[in-house]
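Below is one structure, written out as structure tokens; the observations come after it.
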Amino acid sequence: MELVRAENLSIKYPNSDETVIKDTNFTIADNEIFVLVGPSGCGKSTILQALAGFIQADGLLTMNNETITGPDWRRGVVFQNSSLYPWFTVKENVGFGLKARKFSSVEIDQRVKYLLDLIGLSNQNNMKTFELSGGMRQRVAIARVLANKSPLLLMDEPFGALDAFTRAKMQKLILDIWQQEKTSIFMITHDLNEAIRCGNKIAIMNAHDKKITKIQDNPFQNI
Ligand code: ADP
Ligand code: ADP
């Protein structure tokens, strides 16, 4: 089944006349890891920001046949350096959004416990996030976004600031999460190895065309 559809998607930032994305088309299926690769500045983050509802795009952009509309839509994103609340514990950071959305404390506790187990940080649940390593902080950032149960997990260079060893562990974690949660994932990277390790579909952009020029099944996929 299809989750996301973009048709003739064009994007300009409000403060500029430049068309950053021009007439791009793509779809993302249910339970698919869609990895977008391309050089810096080609427009990858701009597409992700439209998917997250941070910026408005022209053309068609839908998730489960609903138009992604901007402010009312907003979804969480895992960034390269996701800002957590440093004075909050791991548990509080993951549960924060649920608390704001008025879930009961029992529901929050259950969901947070499940997520900490999923990301492998159950033992660190009461640590403050400033005490964590970079890899652990990105785990918390992932759990915080997963807490909202969006059908699409959005990640923008999530492991770009990590060393190669930690990065490899995080790529494995993403595949584990994907198998367990049955979520779709939209992930940006400029690391082709990462795309090959994590993607079902690999989409390619370049700065000249301002659009996704190729989408193909990952020929190296071996999960
Ligand atoms: P990538 O994620 O591939 O590095 P971006 O989507 O961040 O690329 O940027 C694409 C283009 O959009 C660049 O030319 C950049 O300068 C421009 N851009 C990004 N953010 C803004 C903004 N907030 N306002 C105006 N232009 C922007
Ligand atoms: P990750 O386990 O998320 O891949 P790292 O590879 O950076 O993170 O850290 C390796 C291990 O070192 C962690 O799993 C954790 O057990 C430990 N560690 C790192 N930083 C700290 C810290 N500030 N306090 C306690 N243990 C830590």
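The values are calculated or read from the model by the stated rules, or taken from the named source; none is laboratory data. Bear in mind the structure is a predicted one, so any value in this text is a computation, not a measurement. FYI the Cβ positions are ideal-geometry reconstructions off the backbone, even for glycines, and counts take in every protein chain you see. Side chains included, ligands, DNA and RNA excluded: accessible areas come from the protein's heavy atoms. Shrake-Rupley method; radii C 1.70, N 1.55, O 1.52, S 1.80 Å.
Assorted remarks:
- Spin-label pair residue 175/residue 58, simplified geometry with 7 Å Cα→Cβ offset, distance in nm: 4.2 nm
- The aspartates and glutamates within cross-link reach of residue 182, meaning a Cα-to-Cα straight distance under 15 Å and a gap of 8 or more places when in the same chain, are 2, 30, 32.
- Base-10 log of normalised Debye intensity for the chain (one unit scatterer per alpha-carbon) at q = 0.14, 0.17 Å⁻¹: -0.88, -1.25
- Antiparallel bridge percentage (DSSP; both residues within the chain; nearest 5): 55 percent
- Treating each Cα of region 1-63 as one equal point scatterer and applying the Debye formula with no solvent, the log10 of I(q)/I(0) at q = 0.14, 0.15, 0.26, 0.30 Å⁻¹ comes out as -0.39, -0.45, -1.26, -1.49.
- Coupling constants for region 120-130 follow from the phi torsions by the Karplus curve (6.51 cos²θ - 1.76 cosθ + 1.60, θ = phi - 60°), and in residue order they are x, 10, 4, 6, 9, 4, 9, 7, 6, 5, 5 Hz; glycine and proline get x.
- Rounded, prolate or oblate (a/c below 1.5 giving rounded, otherwise prolate when a/b exceeds b/c) for region 102-159 by Cα gyration tensor: oblate
- One decimal place: the segment residue 215-residue 113 gains 33.0 nm when fully extended, by the rule 0.36 nm per residue minus the C-alpha distance.
- Rounded if a/c under 1.5, otherwise prolate or oblate - region 84-135, Cα gyration tensor axes: oblate
- Here, region 124-223 has an Rg and a Dmax of 14.7, 48 Å when only alpha carbons are counted.
- Close Lys-Lys pairs in region 1-118, where close means Cα under 26 Å and separation is 8 or more or interchain: 8
- Counting only protein heavy atoms and a 1.4 Å probe, region 38-93 has 51 square angstrom of accessible area per residue.
- Packing-based ranking, highest mean first, of 99-108, 187-196 given that Cβ atoms within 10 Å are counted: 187-196, 99-108
- Carbon + sulfur, % of accessible area of region 66-223 - ligands and nucleic acids excluded, 1.4 Å: 51 percent
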